[in-house]
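To start, the structure itself, in structure tokens.
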Amino acid sequence: MKIALIQQHATKDKTANVARGLAALETAARNGAQLACFAELAFEWFYPQRPAEVGFRELAEPLDGPTVKAFQQKARELGMVVIINLYEREGHKTFDSSPVIDADGTLLGVTRMIHITEYPCFHEQGYYTPGDQGAPVFTTKVGKIGVAICYDRHFPEYMRALAVNGADLVIVPQAGAVDEWPEGLYEAEMRVSAFQNGYFTALCNRVGKEDCLDFAGESFVCGPDGEVLARGAKSADDIVYADLDLAATASSNARRLFLKHRRPELYAGWIEGGNKRRGE
């Protein structure tokens, strides 16, 4: 199976951003991709660069809004599994969300980011409600797909939950800036997660200079042995392709050993005890 990671810049013109994304899907399909994914808030200016102001909820749209519908239609036309990311509104709540669309255009469901950060240029706690969908894994035409949205990838508990739930490929929509973390750490983190959990990881980053961030690009794919299989351009629009054999996860060290030898009956007690010692 060939996958495509579409890393693209975004302007404040959402309509143009969506059109660019739809055109990129057509390019990916011509190059044989059966699954394509996009970066975090791929079709929108990165709103959390600035603290949330009055009316911020109006920037979001529901899952049955025009963006999801446009990508459902394109997925259906191309026969491609598509994972996007957008600022979602449901009632009075807003989420950082990744709808998962099957190759027939069906919206299989949505992953919502659970862990919400707050530090300079990432004022996310003012925008996002913590996700309420758990760590779902979707059975698509091409295989079992999980999603870890940006900050969620830092939490081994979440990444392990995707493995336990059966993911063979984990898509990571990312908004990572130049010099945000030490050199090589994005990659090292995903390589270790792939190895420890026995699945492929595909981190798709955004690019472009915005208000106070310069997004780095360099999207990449890792195999269940922890090796990097493909890597994208730095600070430039790109489509990163990788050929994956999802059946290879069955023979990974994690599937043969680590996951079988887990002791989940112990872990809750360890964590609860640590929380009590810290007074949490």
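The values are calculated or read from the model by the stated rules, or taken from the named source; none is laboratory data. Everything numeric in this text was worked out from a predicted model, so none of it was measured. For neighbour counting, all protein chains shown are included, and Cβ atoms are generated from backbone atoms with ideal geometry for every residue, glycine included.
For the range 128-141, residues that are under 19 Å from residue 255 (Cβ atoms) and not in a strand (DSSP E or B) total 1.
Candidates are the residues of the range 1-21 that are closer than 14 Å to residue 33 by Cβ and among the aliphatic types (A, V, I, L, M); the one that is surrounded by the most Cβ atoms within 10 Å (Cβ to Cβ) is 5. Restricting attention to the range 70-104, the residues that are over 19 Å from the mean Cα position of the chain (by Cα) and either within 19 Å of residue 139 (Cα to Cα) or among the charged types (D, E, K, R) (or both) add up to 8. Scanning the range 204-256 for residues that are among the β-branched types (Val, Ile, Thr) and under 25 Å from residue 183 (Cβ atoms) yields 207, 221, 228, 239, 240. Of the residues making up the range 156-212, those that are of a type in the set (Ser, Thr, Tyr), outside any loop (DSSP other than H, G, I, E, B) and either free of Cβ contacts under 8 Å to residues at least 24 places away in the same chain or over 26 Å from residue 46 (Cα atoms) (or both) number 1.
If you check every pair at least six apart or on different chains, which have Cβ atoms under 7 Å apart with a residue in the range 73-87 that is in a loop (DSSP other than H, G, I, E, B) first and a residue that is of a type in the set (Asp, Glu) second? Taking only residues 6 or more apart or on different chains, the pairs are 85/40. In a residue-by-residue description of the range 106-121, the property of being buried (at least 17 other Cβ atoms within 10 Å of the Cβ), in contact with a helix residue (DSSP H, G or I) (Cβ under 8 Å, 6 or more places away or on another chain), closer than 30 Å to residue 28 by Cα and among the basic types (Lys, Arg) applies to no position.
So that you can scan it fast, the table gives a plain yes or no per residue for (1) buried (at least 16 other Cβ atoms within 10 Å of the Cβ); (2) farther than 21 Å from residue 240 by Cβ:
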position: 131; (1), (2): yes, yes
position: 167; (1), (2): yes, no
position: 172; (1), (2): yes, no
position: 175; (1), (2): yes, no
position: 179; (1), (2): no, yes
position: 186; (1), (2): yes, no
position: 192; (1), (2): no, no
position: 211; (1), (2): no, yes
position: 215; (1), (2): yes, no
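Checked against the criterion of being within 18 Å of the chain's Cα centre (by Cα), of a type in the set (A, V, I, L, M) and part of a strand (DSSP E or B), the range 28-50 contains one or more residues that satisfy it. Applying the condition of being under 18 Å from residue 165 (Cβ atoms) and surrounded by 10 or more Cβ atoms within 10 Å (Cβ to Cβ) to the range 255-280 and asking which residue is modelled with the lowest pLDDT yields 267. Considered as a group, the residues in the range 142-155 that are among the charged types (D, E, K, R) and assigned to a helix (DSSP H, G or I) include one that is surrounded by the fewest Cβ atoms within 10 Å (Cβ to Cβ), and that residue is 153. Figure legend. Inter-residue proximity from the range 42-67: first residues at pLDDT 95 or above and charged (D, E, K, R), second residues surrounded by 16 or more Cβ atoms within 10 Å (Cβ to Cβ) and in a loop (DSSP other than H, G, I, E, B), beta-carbon distance below 7 Å, spacing 6+ or different chains. Indicated pairs: 44/10; 50/123.
Mind checking which residues of the range 117-127 are over 18 Å from residue 154 (Cα atoms) and either of a type in the set (S, T, N, Q) or not in a loop (DSSP other than H, G, I, E, B) (or both)? Once the filter is applied, which keeps residues that are over 18 Å from residue 154 (Cα atoms) and either of a type in the set (S, T, N, Q) or not in a loop (DSSP other than H, G, I, E, B) (or both), the range 117-127 yields only 126.
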